[in-house]
Structures are given as C-alpha cells and as structure tokens.
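Here is the structure we will look at.
Throughout, read-outs are computed from the coordinates displayed, never taken from laboratory work. These numbers come from a predicted model, not from an experiment. Positions of Cβ are generated from backbone atoms using ideal geometry, with glycine treated the same way; all protein chains shown enter the neighbour counts.
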Ligand SMILES: Cc1cc2nc3c(=O)[nH]c(=O)nc-3n(C[C@H](O)[C@H](O)[C@H](O)COP(=O)(O)OP(=O)(O)OC[C@H]3O[C@@H](n4cnc5c(N)ncnc54)[C@H](O)[C@@H]3O)c2cc1C
C-alpha cells in the first residue's frame, strides 16, 4: 500500500520506528543485523542523534563514561575523554547509523503527527509531516528528554533580550560581555555555568534547590590508551565492565543502604567544603533533601565557577519578568541581557503520547492520564504490536541509559521473532499481566530515595505521585527482568 504523498519506496513496511536517537539508531542496527530490513525510522529533525543533536550548549558532555555510554555492539576505541563532549557523542551516533547501514532507512524531517491502529488491516497507520507509512509493528523511540520544558513565567514576553532553552542553544547570540541569567541548577546548568562564566560580564543563577554534586573524575585518554583499546578489544570491554559495576554500587545509595548512603553523602559534602570556603555560599549550595532524590550531578568546576566575583547565586526560583528585570521568588531583581532556561524536559508527560491511538480509539495520553505505565516497561494494553523504548520505568539515576536501551532492543527483537515463529498477526499486552508487573515495580520503589527523599523531582509523576520514569532497582536487574519477551503476558491473534 503506497501513498501518493511521496515517492518513498518504503511506505508499507514491517516496522515503523519513531525517533532516531540512541534508541532508534540502536534498533535500526539490530534490525539490519537480523535481516529485518523492511523498516523506516521517522525523525522530525534534520539529522539523527536525538539528545546529542539537540543539546549543543557550552560544556555539554555525558556524565556516564563514554566507554559505557555507547553501544556494546558498536564500540569506539578512541573516545577522547572519560566523559566525552556532546559533539563527539553525536558524531558517534551519526557514524554508527552510516556504518551499520541504518541511514537508508531514516526519514529526516518526518514529524510523526498521528499513529493509529487499524483493527481491520491489523496494521499501524502513521501520518507524518512528509507522508504516510503503514506497518505491522510500531516502535516508539521518541525519547523522554526530547521536548524541552519552559516554565510559565509571568511577564516573560516583555523581556527585550535573548531568551532560549538550553536544548535550543542560540550559537548566533554570543554571550561575551552580557549580563546572563541561567534559570535552573540541574544537569545542564552545572555544565553551562563553568563554560560561560569567564565570557559574560555578570551571571545570575536562579536556583530553586541546590543539587548534590560529586567530583567529576574526567581526563583525556592518551594516544597509547586509545591504541590499546583499538588493538586489544578485551581491554575496552574490561573498562566498560568495570565502570558498569562501579556505577551499579550507586544504586545501593538510592535504596538508602548503609554504609553506601552515608558514604556517598560524605564524599559530596567534602567536595562542597573543599571547593567553597565561604560559609554563606556553602550554605546556599547545601541540598535540603536526601542524596539521589534528584539526579546526583558530577562536576569539578561548577562550585569554583559559582564562587567567582561576577556570579550571583540566587537561592530561589525565577518567578516573574518585567522588561529586562528578572525577579526571583525571594523578591530580588536583576537587570539582564540574556535568559537561558536550563529547566529540563517534558519527561513524565511525553507529547508524542497525545498522538498515538490504540484499538479502541483512545490516545496513549488518555490511557496514561494517571501516569505512564507499560508491561515489562515496553508494551501497553490496547495498543497491539507496539513497543516503547526508553519509556515508562526505564530511566536511571545511577548508570547508563544505553544499557537499558540495549536490554529493550533484545525484548523488541524477541517479540518480533516470537510473532514470526507462531505466524501471529497481533501481540497485545494483557492488562492483568501489566498490573502484576506494575505492582512489582511499585514494590521495588518502596523505600527508595526517589519517593522518600524529600524532594520534588521529574522522576515522579506529578499527578499520581508514582515513580513512572525511573527503574527503581539495579540496571542489571532490569536486564534480567525485561530483556526477554515473555509471551505469557500477551494476548495473540494468529494468521499473519
Ligand atoms: C543534556 C543531556 C545529557 C544526558 N546525559 C546522559 C548521560 O550522560 N548518561 C545517560 O545515561 N543518559 C544521559 N541523558 C539521557 C539521554 O536522553 C539518554 O541517554 C538517551 O540519549 C536517550 O535516547 P533516546 O533515543 O531514547 O531519546 P532521544 O535521544 O531523545 O531521541 C528521541 C528522538 O525522537 C525524535 N522525536 C520525538 N518526537 C518525534 C515525533 N513526533 N516525530 C518524529 N521524531 C520524533 C526526537 O527528535 C529525537 O531525535 C542525557 C540527556 C540530556 C538531555
């Protein structure tokens, strides 16, 4: 079934993937390798890369070491640093998509507008900004940090200067000599601040709550190390494995297990004390919630940057704007030329969900009105032959999201193989099986710092108060639990 809207030879395919970040490109690689070459990857932007294409702000880098924050099945020996800059990660994804034969399947500038299950044809119909596609399977790999969140600040439209989100950095608006306000003190802000502090004339940080910060043990890899990783793949695997298990230890602190919890707090407090001698500033930078409740950040240059003479740490949120005055919740007013919103993403409520309609015509957003959920974090009752990668309960606060994505790729490929082996037309998660899975997730969540750490974070659904973003256990437990497709949780129809 082809449509007259475009001359794409691949309009009726086995698999339609939405999104070309780590998840979409990773799935593309596995589909090609499995010989399942009837697929398209629909990407609204003009290149692959997802997070790493969009976030180009000064200082952007991963905070999970690159040898781990990359595909195990497409390794790179010559990462420049332990924590590589964003541009290098973006280039890695572009190279991987090209080298693995994924690019011919990618449709750029194809913004998914609606996905509808056609119960008669038992296929998905996907309308995009550049044409319509039909497919047997739909895989949503649209990310949960892909749509930036701009807080509703009264008067912001009256601001005469430049104003942009950290994920849409305006490189055409140099900050040299400007009075700049950075709104937020999360993962992006702590990378931006040290990178711009010496260029700007004044810098005001609007900090609603102080982050927990650990030292960043970054360094460049030497040429000798890169050669070793190239010549001896076992050395690369061993670095990756070592990092993985080191980071798994951090989960023990999120469960508030001793001595890991106290030990982690002691490291963070010592880091603050050693980098910020001024007691007033140190007080402002001391978190008022438990370690791990919000993402624990790593930086060795944020505190020294905040201590510089041209920086003001405003210990309250930006509450309104009046012309060029940015006024904090505490009532302090600052005259600024530029406002940078490092305010995060629409994580709990992903916009794509409003446009995906299941077999009873209800949207995924309606289905998720009480918060995101899915069987084995991948399949949704009422949405046959559909899988989500990096969706509900897959986020991590302590290890590599790419590891989680790879676990889910195995699951999705497993489901496809099962459908083929049994000549099935549809696979649909059973609501009872999903309830059992969610009860298990809830039980794992109990006692974690995310629910009981005394903070408000994007990991928790604001409506239900449930932990819907994060996987509340060790990453390897997710792989054990969720990388194998379990047919018993699915209702099936035959005769494909
Ligand atoms: C600044 C930053 C730093 C991070 N650092 C780390 C880190 O160090 N370690 C870690 O584990 N995680 C990190 N993360 C989390 C990161 O998002 C994930 O690790 C990973 O990149 C997610 O990949 P993804 O493919 O699931 O989503 P994305 O990379 O967000 O890709 C989703 C893609 O879907 C596309 N899309 C969305 N909607 C549509 C639509 N309607 N139609 C067509 N296309 C659509 C988007 O344009 C995007 O290209 C970071 C996130 C950010 C924002």
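Below is a table of values for the structure above.
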| item | result |
| --- | --- |
| Whole-number D in µm² s⁻¹ for region 197-250, Kirkwood Cα-pair radius fed into Stokes-Einstein, 10 °C, 1.306 mPa s | 104 |
| Kirkwood Rh, angstrom, the chain [1 / mean 1/r, Cα pairs] | 23.8 |
| Radius of gyration and Dmax over the Cα atoms of region 295-338, both given in Å | 12.8, 35 |
| For region 55-116, the fraction of alpha-carbon pairs in successive 5 Å shells from zero, as % | 4, 15, 22, 19, 15, 14, 7, 3, 1 |
| Helix 233-254 vs. the chain, principal-axis angle (Cα, 0 to 90°, nearest 10) | 70 |
| Hull shadow area, averaged, region 9-90 [alpha-carbon convex hull, nm²] | 6.2 |
| Most to least packed among 357-366, 406-415 [average Cβ atoms within 10 Å] | 406-415, 357-366 |
| Antiparallel bridges, percent of DSSP beta bridges restricted to the chain (to nearest 5) | 45 |
| Projected area, mean over directions - region 255-326, Cα convex hull, nm² | 6.3 |
| Viscosity 0.890 mPa s, 25 °C: Kirkwood-radius Stokes-Einstein D of region 313-432 over Cα pairs, µm²/s | 138 |
| Spin-label pair residue 346/residue 316, simplified geometry with 7 Å Cα→Cβ offset, distance in nm | 3.0 |
| Overall Cα dimensions of region 395-481, principal axis frame, Å, largest first | 50, 28, 18 |
| Length gained when the stretch residue 129-residue 422 is fully extended (0.36 nm per residue, less Cα-Cα span) | 102.0 nm |
| Packing rank of 137-149, 340-352, where each peptide gets the mean count of other beta carbons within 10 Å, highest leading | 137-149, 340-352 |
| Relative contact order %, region 324-453, counting alpha carbon pairs below 8 Å whose residues are six or more apart | 18 |
| Label point distance in nm, residue 34-residue 488, each placed 7 Å from Cα along Cα→Cβ | 2.2 |
| Cut-off 11 Å (backbone N to label point 7 Å along Cα→Cβ of residue 81), residues of region 32-63 | 59-63 |
| Kirkwood-type radius of region 135-250, with distances r between different C-alpha atoms, in Å | 18.8 |
| Residue list for region 357-400, given a label point 7 angstrom along the Cα-to-Cβ vector of residue 436 and an amide N cut-off under 15 Å | 375-377 |
| Label zone at residue 150 (point 7 Å along Cα-to-Cβ), backbone N below 13 Å, region 161-180 | 161-170 |
| Residue 235-residue 121 pseudo-label distance in nm [points 7 Å out on the Cα-to-Cβ vector] | 5.4 |
| Per-pair calculated FRET efficiency, R0 = 25 Å: residue 249 and residue 228 via Cβ, rounded to 0.05 | 0.45 |
| Rg/Rg_ref, region 330-370, where Rg_ref = 2.2 N^0.38 Å and atoms are Cα | 2.02 |
| Relative frequency of Cα-Cα separations exceeding 22 Å in region 181-317, percent | 47 |
| Fraction of alpha-carbon pairs over 24 Å apart in region 1-146 - percent | 33 |
| Quarter of the Cα convex hull surface for region 289-364, i.e. its orientation-mean projected area (nm²) | 9.1 |
